[in-house]
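The values are calculated or read from the model by the stated rules, or taken from the named source; none is laboratory data. Values in this document were obtained by computation on a predicted structure and should not be read as measured data. For neighbour counting, all protein chains shown are included, and Cβ atoms are generated from backbone atoms with ideal geometry for every residue, glycine included. Quick note on the areas: whole protein, heavy atoms, side chains included, nothing else; ligands and nucleic acids left out. Shrake-Rupley method; radii C 1.70, N 1.55, O 1.52, S 1.80 Å.
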Amino acid sequence: MPPVSPSSSAPAPIATTAPADAFAPGRLWRHALLAGLSAAAGLALHTAGLRGDTLAVAVIVLFCLSYWATGWLPDFLVSLVLLFLLATCTSLGANVVFSGFASSAFWLVFSGAVVGMALSVTGLGERVASRLADHCGHAYGAALTGFVVVAFVLGIVMPSTLGRIAILTPIVLSFCERVGLTAGRPGRTGLLLATALASCELSSAILPANLPNLVMAGTAETVLGLRLGYGEYAMALVPGLAVVRGVVLVVVALRCFPDRLTPLADIRINDDTHTAMRPDEWRLLAALALMLGLWLTEPWHHVAAGWVGLGVALLCLGPLRLVNPDAFLKQVKLAPLWFVAAIIGLTAAVDQAGLAQALRPVLSRLDLAQMSTVSAYLVLVALSIALTFLVTSNAAPALYTPLVPALAAGAPLGVKAILLTQAIGISTIALPYQAPPLVLAMALAGIGIRDATRYCIATALVALVTVVPLSVLWWQVIGLLRIH
């Protein structure tokens with residue numbers, strides 16, 4: 001086995017923009033400010049009728065999200081604070097609060113770290129990146145477009161956002177090294193974020209491609225008796241949620257993270273990526289093929305993606321002799337794992353505490369009958385976006401879809417239009433925590449929360465003025481909406 005050396009294509013910890021001493025006397029006002037705002041919000045929610053665990057979870061989530069958004073504490077420390085507060089200030093129990101550690105996604109981060117290191121050590125990641133560089137490594141914009149398209153196409157054949165991100169992230173990292181986008185370069189961050197967000201958002205246009213879509217389709221069939229067809233779903237959503245949103249991701253990345261690639265002629269000296277593959281590369285390729293095959297056949301064997309990834313990671317650390325265990329323990333960082341576990345625990349706590357159920361009576365009173373078609377459509381988009389802030393994109397469809405019959409009473413939109421409108425809102429990610437798979441990508445790639453938040457907010461704002469109105473026009477063309 002070739003010697004193991006640190007590589008930028010191995011996963012790195014999530015970067016933090018917090019100062020070295022977050023509790024210096026001159027910075028204590030920050031913590032007092034966030035605590036005061038959270039307490040004020042808690043008082044307002046108490047006045048509105050929230051009690052018990054529902055109120056406690058709402059305040060804790062708001063308090064910790066404010067730290068993640070501002071970067072005034074290191075990310076892993078905020079993660080631990082969240083787990084501590086949920087464990088001590090609620091009665092949810094350890095099985096809910098610490099459910100992230102038992103989740104498939106948590107172990108997918110671990111296995112992604114192993115596979116990423118194996119791709120680096122064996123050189124297979126560099127070989128794949130070389131092939132991609134031959135096609136889209138001549139310009140930064142072409143590279144962004146290429147990876148966004150790859151993320152969408154992979155969503156058609158691989159119905160797991162977590163799996164797509166676990167495969168694509170190490171390849172993007174190798175590609176960045178290949179074209180001169182070393183650590184710290186804005187183009188490196190732009191490529192990683194565009195690919196990750198494309199994996200999360202563009203898959204909303206393909207019915208079985210992600211968990212929110214499946215929750216929406218399953219709930220619609222159970223509650224509404226409405227069965228969504230693959231073709232009609234794609235016809236309604238691909239133009240806006242895949243094509244237009246894909247262009248938005250590329251354009252915003254070019255603006256937020258401007259950069260240029262090193263000419264390929266300057267980096268192809270001593271290039272051995274076009275030679276025959278070595279035995280260790282073949283072994284890793286076989287392991288990846290096994291992993292991908294098991295992911296694609298999950299509906300038959302019912303083994304979650306994280307456990308499949310863990311098994312392949314053990315093969316890489318053990319019998320296949322691809323990654324040296326001692327070297328891996330020295331390189332792996334725990335911060336991404338804490339972050340992913342905290343986000344999953346947060347989602348479970350929101351669900352278990354009944355925060356979504358507490359909102360249902362308020363939402364069911366929303367009256368669309370007095371609105372025009374466009375106004376009702378915009379209100380529904382805003383509602384679905386608000387729900388992703390409250391319960392994340394994975395849980396939002398389970399809250400929105402049962403409300404469709406009540407929302408449709410006298411509304412100027414049909415039931416199917418009301419149902420599909422949520423896909424536009426749910427795919428508009430303004431903060432990273434709203435899309436748990438994006439958190440996984442940040443953990444694998446070492447992307448800082450501040451960069452991710454800046455990119456998410458920018459793409460969400462641009463999508464509101466492009467995707468939202470263009471979807472109205474397209475739906476009118478295909479007859480899904482009738483504007484009077």
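When the dipole is taken about the Cα centre of the stretch 44-188, and only Lys, Arg (+1) and Asp, Glu (-1) are charged at their Cβ, what size is it in debye, to the nearest 20?
Result for the stretch 44-188 is approximately 200 debye, rounded to the nearest 20.
Tell me the net charge near ALA22. Cut-off is 14 Å between Cβ atoms, ALA22 excluded, with +1 for each Lys or Arg and -1 for each Asp or Glu.
That works out to 0.
In the full protein assembly as shown, how much of ARG131 is accessible to a 1.4 Å probe, in Å² to the nearest 10?
100 Å²
Near LEU461, within a Cβ-to-Cβ distance under 15 Å, what is the net charge of the other residues, with Lys and Arg +1 and Asp and Glu -1?
That sum, taken over residues with Cβ under 15 Å, equals +2.
If each DSSP helix of 4+ residues adds -39,500 (n - 2.57) and the sum is divided by the residues in the chain, what number results at 222 nm, nearest 500 deg cm²/dmol?
Mean residue ellipticity, 222 nm, calculated: -22000 deg cm²/dmol.
Taking a 1.4 Å probe, which of LEU226, LEU470, LEU249 shows the most accessible area, and what order do the others take after it?
LEU470, LEU226, LEU249
Given points 7 Å out from each Cα along the Cα-Cβ axis, report the LEU28 to THR297 separation in nanometres with one decimal.
Modelled inter-label distance: 6.2 nm.
How many percent of the accessible area of the stretch 184-224 is carbon or sulfur, using a 1.4 Å probe?
Using a 1.4 Å probe with all protein chains present, the stretch 184-224 comes out at 63 percent carbon and sulfur.
Specify which residue in the list LEU368, LEU82, ALA234 is farthest towards the positive end of the charge dipole of the chain, using unit charges on the beta carbon of Lys, Arg (+1) and Asp, Glu (-1), about the Cα centre.
Toward the positive end, the furthest listed residue is LEU368.
Net charge within 12 Å of THR195 by Cβ-Cβ distance, Lys/Arg positive one each and Asp/Glu negative one each, not counting THR195 itself?
Once all neighbours under 12 Å are counted, the net charge is +1.
Which value, in Å² rounded to 10, gives the accessible area of VAL78 with a 1.4 Å probe and all protein chains present?
Accessible surface of VAL78 is approximately 0 Å².
Whenever you get a sec, line up ARG27, ARG260 from highest to lowest accessible area (probe 1.4 Å, protein heavy atoms).
ARG260, ARG27
Tabulate in residue order the Karplus-calculated ³J(HN,Hα) for the stretch 424-434, using 6.51 cos²θ - 1.76 cosθ + 1.60 with θ = phi - 60°, rounded to whole Hz; enter x for Gly and Pro.
Taking θ as phi minus 60°, the curve returns 5, x, 5, 7, 9, 8, 9, 10, x, 5, 5 Hz for the stretch 424-434.
List the relative contact order of the chain as a percent without decimals, with contacts defined as Cα pairs under 8 Å and 6+ residues apart.
26 percent
To the nearest 10 square angstrom, how much accessible area does LEU132 have with a 1.4 angstrom probe?
Taking all protein chains as shown, LEU132 has close to 50 Å².
I need the peptides 404-414, 186-196 ranked by packing, meaning the mean over residues of other C-beta atoms within 10 angstrom, with the highest value on top.
Packing order, densest peptide first, comes out as 186-196, 404-414.
Take TRP107, TRP29 and sort them by solvent-accessible surface of the protein heavy atoms, 1.4 Å probe, largest at the top.
Sorted descending by solvent-accessible area, the residues read TRP29, TRP107.
Over the stretch 75-189, calculate the relative contact order: mean separation of alpha carbon pairs under 8 Å at least 6 apart, over the residue count, as a percent.
Relative contact order, the stretch 75-189: 26 percent.
What is the dipole size for the chain, taken about its Cα centre, with +1 at each Lys and Arg Cβ and -1 at each Asp and Glu Cβ, in debye to the nearest 20?
The dipole magnitude comes to about 420 debye.
Enumerate the calculated ³J(HN,Hα) couplings along the stretch 366-381 in order (Karplus 6.51 cos²θ - 1.76 cosθ + 1.60, θ = phi - 60°), each rounded to whole Hz, writing x wherever the residue is Gly or Pro.
5, 9, 9, 4, 8, 9, 6, 4, 5, 4, 4, 4, 5, 5, 5, 4
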